[in-house]
């Protein structure tokens, strides 16, 4: 096993506090400020154009072809089309990058969407540049990708290996691998957190979902987590730390890497979550019967939001100001993040009643501070909704094909 061999892995990850992690990355994580020469303008980024407002772009993955379109939300033009195969999924995204996993070819391709924000504390700078696909990282059966802080963890199920990338280098076109761990083949996920990786570890059979976690330090040494977390599937990172979806509840970690299993809310009544959608301090756990659990990572308390059917997609605004869910009947719910009450619900899309063909094959939801985007595979469109105005439809993008997984970058 090749361990995390570089001391830089620790220093780079420790340099910035993690914000939120998937498709589990922080929706509003600002681009880390880079060192610049004192003679250059404040906030200068080489090769980029500075703007006076956020330069948002919407990425749309086609569930049949695997191709991805990147739309500029100001001009409404397609600025990049990334061709792919039917085995390609949008496995993860953060505030700037997409991570496309080709399961047949065994590769994950980072895509720089070309828009980002640099946060200087008292003010922000907004940038735009040409989007581009970067060099692929190879490995057998790529699945989950989690971007958090300055690290990106790619998990390859077939070889049971997690590879850690330097997110900071991606802006210069450098796909640098900081290190790797190898828990063993299984359907797993790894989360970068400060100077550690928290990863699932296989059980008795690689065919079963994992029920155990381990914390790996910068040398690649594993410390088993004492608390069991049955059938782990789904992970996210809030400002308070990582959270993993288990059969009985969320496994959470604090700054000291102490683990705690928090049972699902009483209203779950035996249901569980298979994904964790995160904002800043809020984690949303769509339950597999009906409803959605909203977990406040600061207080450790749940709020339950009821829905008429199973939630098939959900998203939390990066500042926790909004939660939008889509159920199996195609009804969208604008949910008050504090009370769990439904503020508005609208019948929006047709959801196929057949069994899902896998991750990213159905309609998706992504929430920005001011707008919500919902893909409609049956009509080949993406709807833009104003969640503060009763889910009013602001625009519709006719992207063609079967649009499914979504991401908004540039925040």
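The table for this structure:
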| quantity | calculated |
| --- | --- |
| Computed Kirkwood radius, in angstrom, where 1/r is averaged over Cα pairs of the range 147-193 | 10.8 Å |
| Helix-only mean residue ellipticity at 222 nm for the chain, each DSSP H run of n ≥ 4 adding -39500 (n - 2.57), per residue, nearest 500 | -500 deg cm²/dmol |
| Additional length obtainable on full extension of the chain from residue 172 to residue 392, 0.36 nm per residue less Cα span | 75.3 nm |
| For the range 231-369, radius of gyration divided by Kirkwood radius, i.e. Rg to Rh on alpha-carbons | 0.95 |
| Simple spin-label estimate for residue 207 and residue 230 in nanometres, 7 Å along Cα-Cβ | 2.0 nm |
| Shape box of the range 135-282 [Cα atoms, principal axes, largest first, Å] | 48, 35, 24 |
| Calculated over the chain: convex hull of Cα atoms, volume per residue (Å³) | 131 Å³ |
| Cα-projected label distance for residue 120 with residue 378, points at 7 Å along beta-carbon direction, nm | 5.0 nm |
| Global geometry of the range 305-382, whether rounded, prolate or oblate, following the gyration tensor of its Cα atoms and the 1.5 cut on a/c | prolate |
| Burial ordering of 261, 287, fewest other beta-carbon atoms within 10 Å first | 261, 287 |
| Residue 223-residue 49 pseudo-label distance in nm [points 7 Å out on the Cα-to-Cβ vector] | 4.9 nm |
| Euclidean distance of C-alpha centroids, the range 267-335 and the range 74-113, integer Å | 26 Å |
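Since every read-out is calculated from the coordinates, none of them should be taken as a lab result. Quantities reported herein were computed from a predicted structural model and do not represent experimental measurements. Cβ coordinates were reconstructed from backbone atoms using ideal geometry, including for glycine residues, and neighbour counts include every protein chain displayed.
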